[in-house]
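The structure appears below as C-alpha cells.
The values are calculated or read from the model by the stated rules, or taken from the named source; none is laboratory data. Everything quoted here is computed from the prediction, not taken from an experiment. We place every Cβ from the backbone using ideal geometry, glycine too, and count neighbours over all the protein chains shown.
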Amino acid sequence: MGPSVQGSERSVVTIGVYDGVHRGHQRVVERAVSVARERGLRSVAVTFEPHPDEVVRPGSHPPRLTSARRRAELLGGLGVDEIDTVAFTFGLSRNSPDEFAQNVLAERLRAAVVVVGENFLFGQGASGDVETLRTLGDKYDFEVEAVPELDAVSSTAIRERLVTGDVAGAADRLGRPHRVEGVVVRGYQRGRQLGFPTANVETPQHTAIPADGVYAGWLECVPVANLPALYEGERWPAAISVGTNPTFEGVPRTVEAYALDRDDLELYGVHVAVEFAARLRGNTRFDSIDELIAQIHADVAATRRLTT
C-alpha cells in the first residue's frame, strides 16, 4: 500500500521491519503518533517486505513473529494513520544512507519528523545510524527523534524465547501472547478418534513456531478475504500441540489446537490464529492409547485453569 502523503502534505515517519510489533516497537510508534498529533500532521509507519535479511543474505530469513497482515493490524491499532510497506529489493539494499533519506524520506514521504529507535541502522551495509540520519535531516529538512530501547526487548530475544518454548517470556516482551496463523487443513484426524478433535493449522513459511510441546492458549477465527468466514471473531480456550506426536511415528511437525468442549466445529479452510499462554510439558511417547488419553485429559484441565 502506498502512502497518500505524497504531494504537499508533510508527515511524521517511523521506520523499521517491526516484526512482532513488540513493546519496544510500540514505544517508538506511539511516540511518532503523538508527535504527529501535536503538529497536526499524518503519521506514517514504513515497513519492509520481504524481510531485508532474505534479500541481503538469501536463505537467512529469520522466523517471522507476525505476518504482514497482522503487523499492519497491530500498527494500525497503535493509531498510525498510514502504513507504507516498501518492497525491499536488492537495488534498495544498495542505496546509500543519503539516497534512502532523499528518495524515501524526503521525496516519497515528505517527512517533517522521523522517529526511530536509538539503535536504528539504515542504508547499504547498515552503514547509517541515528547521527547519520540527523545529519541528513539537516540536509533534507526533517527533524529526527530517537526513542530509547527497552532492555532485553527485541525481535531476536523473542525468537530465542520461542525456540525454548518460553511463550510466557515471549508474551512479556511482545505485550500480548505470541500467535501463529494459518488455514485449517485435514490432518490424520487422530484427535477426533481420541475424542479431542483438533484444528490442524498450516502455517506460512518462516513462521516463528514455539518449541515442540503441549501448550495452553486460545484458538480464534480470523476473517481473511477469499476464505470462509465461519465463526468469525469467535475465540475459544485451547490445548495446543506442537511437534511430530511421538506416539504415532512418521508424522510431520504440526500445530494442532483443540478448542475446549467443542467437538462440533467445522474449520477446514478457515483462517485461524493460535495464541500461546503457557507451556504445559514437552512431547512424550506413550506406551498405550489409554495413557495418551489420560494425559490429554490432564492437559485440558490445566488449560482450563490457565485460560478461563
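Taking region 281-308 as the range and being buried (at least 20 other Cβ atoms within 10 Å of the Cβ) and of a type in the set (A, V, I, L, M, F, W, C) as the test, no residue passes. Selection within region 211-243: residues that are small (G, A, S) and farther than 21 Å from R70 by Cα. The member of this set that is modelled with the lowest pLDDT is G243.
Every test in (1) more than 27 Å from S127 (Cα to Cα); (2) of a type in the set (S, T, Y); (3) loosely packed, with under 14 Cβ neighbours inside 10 Å is passed by S67 save one, and that test is (3). Looking at the structure I just gave you, is V224 buried (at least 19 other Cβ atoms within 10 Å of the Cβ), out of contact with any Cys (no Cβ under 6 Å at 6 or more places or on another chain) and either touching a residue at least 12 places away in the same chain (Cβ under 8 Å) or of a type in the set (S, T, Y) (or both)? Here the answer is no, as V224 does not meet what is asked. Per the conditions (1) without any contact (Cβ under 8 Å) to a residue 40 or more places away in the chain; (2) surrounded by 17 or more Cβ atoms within 10 Å (Cβ to Cβ); (3) out of contact with any Asp or Glu (no Cβ under 7 Å at 6 or more places or on another chain), the sole criterion not satisfied by A126 is (2). Contact map, region 67-94: first residue assigned by TED's automatic domain parsing to the domain that holds P50 and touching a residue at least 60 places away in the same chain (Cβ under 8 Å), second residue of a type outside the set (A, V, I, L, M) and not in a strand (DSSP E or B), Cβ cut-off under 6 Å, separation 6 or more or different chains; pairs are E82/P3; D84/P3.
I'd like the full set of residues that are part of a helix (DSSP H, G or I) and crowded, with 16+ Cβ neighbours inside 10 Å, limited to region 141-156. Within region 141-156, S155 is the sole residue that qualifies.
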